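Report on the following structure.
Values in this text are rule-based calculations from the coordinates and carry no lab data. These numbers were taken from a predicted model, which means no experiment stands behind them. Ideal geometry is used to build each Cβ from the backbone, glycine not excepted, and the neighbour counts take in all protein chains shown.
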Amino acid sequence: MRTAVIRIKVDPARELTPELLSERTDAFAGQAPRHGMEVFERPSDPRREMQVLMIGSDGAALQSAVTKLCVETFLTSPEPGPVTFISRGTDDDVRGVLAGFGISGDISRADSDDGFDVVTVRIAANDLARIPESRIHTALEASLNCEVNIVEV
């Protein structure tokens, strides 16, 4: 399963004093585990953005859950930021990258002569006709940090 990083400005209007911001951040962090969340980076003054980790692949649903808990805890109008995913170089990460393009593929791994992973992804020809192979290749290599081969099937 993938790990999402949800960024959210908890107090974009700067309504909270630094003390109240800290107090409500502590309250959020205390509740977070019950909601499958982990506070990765706490908001600070003047930057009032928090980063929360959650397990899952539906970025919009995860962002919505974090936003809801922020509204309840901070009593502000938070602004959701970008959702990204931590990559551990797993097949789930490959599937997540492919899903971001709206495609799927068959994944296999082999060791290179140097002892590194080589990931081969077999993608349907009609998918490669819609999305440039170079975009998929770059995204997979960046996510996996290993050699990637794409095979059209």
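In this calculation the C-beta distance from Arg135 to Ser108 is compared with R0 = 22 Å, giving a FRET efficiency of 0.55. Report the relative contact order of region 1-89, percent, no decimals, based on alpha-carbon pairs under 8 angstrom and at least 6 residues apart. That works out to 49 percent.
Between the labelled values [x] 1.20; [y] 1.29; [z] 1.43, the entry that holds Cα Rg over 2.2 N^0.38 Å as derived from this structure is [y].
Between the listed residues Val119, Ile150, Val94, the Cα displaced farthest toward the positive end of the dipole of the chain, a dipole computed from Cβ unit charges relative to the Cα centre, is found at Val94.
Can you tell me, using C-alpha contacts under 8 Å and at least 6 residues apart, the relative contact order of region 76-153 as a whole percent?
33
Where the only charges are on Cβ atoms (+1 Lys, Arg; -1 Asp, Glu), what is the dipole of region 3-86 about its Cα centre, to the nearest 20 debye? Each step should come with its number before you reach the end.
Details: 9 positive and 12 negative charges, 29 e Å.
Roughly 140 debye, rounded to the nearest 20.
Taken about its Cα centre, the chain carries a charge dipole of about 560 debye when Lys and Arg each add +1 at the Cβ and Asp and Glu each add -1 at the Cβ.
Seen from all sides and averaged, what is the projected area of the convex hull of the Cα atoms in region 3-86, in nm²? Present the calculation step by step, with values, prior to reporting the outcome.
Values: hull surface 18.3 nm².
Across all orientations, region 3-86 yields a mean hull projection of 4.6 nm².
Can you give the % of DSSP beta bridges in region 93-153 that are antiparallel, to the nearest 5? Expressed as a percentage, antiparallel bridges in region 93-153 total about 50.
On a full-extension model of 0.36 nm per residue, what is the gain between Glu41 and Ala13, subtracting their alpha-carbon distance, rounded to one decimal in nm? Kindly include the intermediate steps, with their values, before the conclusion.
Numbers: separation 28, 0.36 × 28 = 10.08 nm, distance 1.95 nm.
Using 0.36 nm per residue and subtracting the Cα-Cα distance, I get 8.1 nm.
Look at the alpha carbon pairs under 8 Å that are at least 6 residues apart: their mean separation over the length of the chain gives a relative contact order of 25 percent.
Summarising the amide proton neighbourhood of Leu16: residues at separation of 5 or more, or on other chains, whose placed amide H is nearer than 5 Å comprise an empty set. A dipole drawn for the chain from +1 and -1 charges on Cβ atoms has a positive end, and of Val66, Gly30, Pro12 the residue lying farthest that way is Pro12.
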